[in-house]
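Remarks on the structure that follows.
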Amino acid sequence: MFDGYTMGEIGAIFAMQGFAGLILFSVFVLMALGLAIIFGQMGVINMAHGEFMILGAYVTYLCSNFFADYIPALFGIYFFVAMFLAFLAAGALGALVEWAMIRHLYRRPLDTLLATWGLSLILQQTYRSIFGAREVGVTLPDWLMGSFALTDIIDVQINGLFVMGLTLLITVGVGLLMFKARFGRQVRAVMQNRMMAGAVGIDTEKVDRKTFALGCGIAGVAGSAFTMIGSTGPTAGQLYIVDTFLVVVFGGAQSLLGTIASAFTISQSQSAMEFFLSGSMAKVLTLLTVVGILMLRPQGLFSLKVRR
Amino acid sequence: MARILNMDRTQLLGFVLLAALVFLVLPLALDAFRLNMVGKYLTYAFVAVGLVLCWGYGGILSLGQGVFFGLGGYCMAMFLKLEASTPEATAIQSTPGIPDFMDWNQVTALPWFWEPFHNLAFTLFAVIAVPVAFAFIIGVAMFKRRVGGVYFAIITQAVAAILSILIIGQQGYTGGVNGITDLRTLLGWDIRTDSARTILYFVNGGLLFVCLFIAAWIKSTKFGRILVAMRGREDRVRFSGYDVSAFKIFVFCVAAGMAAVGGAMFTLQVGFMSPTFVGIVPSIEMVIFCAVGGRLSILGAVYGTLLVNWGKTTFSETFPELWLFAMGAVFIGVVLAFPNGLAGLWTDHVAPRLPRRLGGRPRPEAAQPAPAE
């Protein structure tokens, strides 16, 4: 398959595909982080996670239109405002959903799956009624457009770099929040032993709601970042949901580090194969490999040693 | 019959009522077009009945039943397509005698795995054998490693995604996103006429009742009780000396086989098969048919399937925008408010008020089975 390429070209191909894989990796990590918190820590399967992400994307879209129409002078920084609003909107919706639906279903994880699937249908149709069935894209500010030319064949897009930087920042933030801050300790305490956590004075219901809202909020930010590299449609969330669940399960549901490692493996192998095979075959092979490995090692790559 | 299945009078009455509805009321009340449509709905009921066993009783939620429905349907469709692509009928193609979509995709010879589907006996065998074998492989791999619950659901979902992407991607061998269309005859018998469709409807109904009897029989045996026990406390069943994984594999294969028969009947009645019946979305919809009917009720699954699909057709004919809202609300409502579906409503509210000889029974004291996890 390497016939007709020089060594330098093959290197460049791998570098370019590797970079494309890194962008995919960023999207996976952002989506999977929220899911790892909700699914890994709380054990709730949120099939509407993709729709929370799309909510963030639509908030960004509205924000970009608003800035372009009313305050064009500040258009260069609209994205940061949009990201914050996306976090708030998705988080607020998440808290509402937790209160109305999820908290009644903590003992029935498979039923949450069905209920949140219903929620995702409703949200999809809501987006379609409000924004139309066609995909929408945002206008990037000037400083995010264009690319660096590293060598004469390797180009690096600035918006891709920006999304990666953002991912890094959010991941570190979430890591600090979960492992260093008081809130994270409470979350982990509640998930490991709900009764004991309640006994030492943690308001477990409140922690549940905040955790779910946080996971949804991160999904909103992911959606916001997603608009930088692709367009948004009402059903775009559904395309990613299975991959994201596989990323989380493959990484070992309880481990944030595992989630990142598995997002990296899956995205890199998929984008490397995409160059040589068709996109759909690359995806089939990647998913098959993941499912195969999960059959051999059901607990995922990184797993906590827990006594059951 | 009733004695073999350990049925009491109420259950028998339920079977008789459903049989009357399927074989008498619907064929008399509906025209050929609508009857064909109900026949299509009833093919989904095969999947729902399988899910009652697998999910309701066994507690194994599979989100990949569309895979087995699709495999069964594709096996049937391959046979019908080969029969429709005689060298005479396809004389205008650059390679006559192969299905039209292969010709469009520059495939010049029939792939090896299509060859055996010239034979009807092999096809009928494959309709059941291929999906069951596939389910067996998945089942052995998952259940022997004690993967269950949520993880199993996610992995079956991934399998559904993989298969539908594969079918769409391999256009030359599978017909791609359009599926296998333009199916005409079964051994020279035109399946597109109204009379043929009516006959197929009755064959379909008959097969559905065979599945219902199998399900009722499984439920009434010791195996059925072990399934329920496994759903409640899997470890205790294992400590009692039962091989839990073997039971799970078996019930998963039974559910897959039923789904496959439904898929094959779907192809025969509707006249095509496409990847839209394989992926994640149809697979989850099939779970909701079962949940609406009541995950613990074999007959309820049939009613649930009919009701949801009837609702889908009426809604999408009149208010296409509202359909997804309604479907979403059904998902949430059934899970939150009626975990035992229509059958639960019946046993809780209707049956206690019926006179005893019609099958009415006093309200059971706290006998309501807990919904499966």
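The values are calculated or read from the model by the stated rules, or taken from the named source; none is laboratory data. Since we're looking at a predicted model, the values are computed, not measured. In this analysis, Cβ positions are derived from the backbone assuming ideal geometry, glycine residues included, and neighbour counts consider all displayed protein chains. Just so you know, the surface numbers come from the protein's heavy atoms only, side chains and all, with ligands and any DNA or RNA stripped out. Shrake-Rupley method; radii C 1.70, N 1.55, O 1.52, S 1.80 Å.
For the pair the stretch A:132-204 / the stretch B:160-176, the C-alpha centres are spaced 34 Å from each other. Accessible surface calculations at 1.4 Å, restricted to protein heavy atoms, place the stretch A:23-237 at 42 Å² per residue.
Per atom type, the stretch B:9-358 shows carbon and sulfur on 68% of its accessible surface, probed at 1.4 Å. Put a plus charge on the Cβ of each Lys and Arg, a minus charge on the Cβ of each Asp and Glu, and nothing anywhere else: the dipole of chain B about its Cα centre is then about 1740 debye. Neighbouring Cβ atoms from other chains, within 10 Å of the Cβ of residues in A:282-289, number 4 on average.
The label-point distance for B:Thr193 and A:Met281, in a model that sets each label 7 Å from Cα toward Cβ, rounds to 4.5 nm.
For the stretch B:235-242, the Karplus equation 6.51 cos²θ - 1.76 cosθ + 1.60, evaluated at θ = phi - 60°, returns couplings of 5, 5, 5, 5, 5, 6, x, 8 Hz by residue, with Gly and Pro reported as x. Computed with a 1.4 angstrom probe on protein heavy atoms, the A-B interface buries about 3700 square angstrom of accessible area in total. Sorted largest first, the spans of the alpha carbon positions of the protein assembly as shown along the three principal axes are 76, 75, 54 Å. Within 10 Å of the Cβ of each residue in B:269-281, the mean number of Cβ atoms contributed by other protein chains is 1.
With axes computed from alpha carbons, what is the tilt in degrees of helix B:194-220 against the longest principal axis of chain B, rounded to the nearest 10 within 0 to 90? Value to nearest ten degrees: 40.
In the stretch A:80-127, the residues that give up 40 Å² or more of accessible area when the other protein chains are added, compared with the chain on its own (1.4 Å probe), are A:Arg108, A:Leu110, A:Asp111, A:Leu113, A:Leu114, A:Trp117, A:Leu121, A:Ile122, A:Gln125. Counting only Cα atoms, chain B measures 72, 51, 44 Å along its principal axes, largest extent leading. Applying 0.36 nm per residue to the separation of A:Thr6 and A:Asn65 and subtracting their alpha-carbon distance, the gain on full extension is 16.6 nm. Computed on the Cα atoms alone, the convex hull of chain A gives a volume of 155 cubic angstrom per residue. For chain A, the fraction of 1.4 Å probe accessible surface lying on carbon and sulfur atoms is 66 percent. Net charge of the neighbourhood of B:Ser274, taken over other residues with C-beta under 14 Å away and scored Lys/Arg +1, Asp/Glu -1, is +1. Axis of helix A:182-192 versus longest Cα principal axis of chain A: the two differ by about 70°, to the nearest ten degrees.
For the pair the stretch B:227-270 / the stretch A:72-121, the C-alpha centres are spaced 35 Å from each other. Computed over neighbours whose Cβ is under 12 Å from that of B:Asn204, the net charge equals +2, Lys and Arg +1, Asp and Glu -1. Taking the average, over residues, of other Cβ atoms within 10 Å as the packing measure, peptides B:48-55, B:268-275, A:231-238, A:63-70 rank B:48-55, B:268-275, A:231-238, A:63-70 from highest down.
Charging the Cβ of each Asp and Glu at -1 and of each Lys and Arg at +1, and nothing else, the dipole of the protein assembly as shown about its Cα centre rounds to 3440 debye. Packing, taken as the mean count of other beta carbons within 10 Å per residue, orders the peptides A:262-272, B:173-183 from highest to lowest as A:262-272, B:173-183.
In the full protein context, chain B carries 43 Å² of accessible surface per residue, based on a 1.4 Å probe and ignoring ligands, DNA and RNA.
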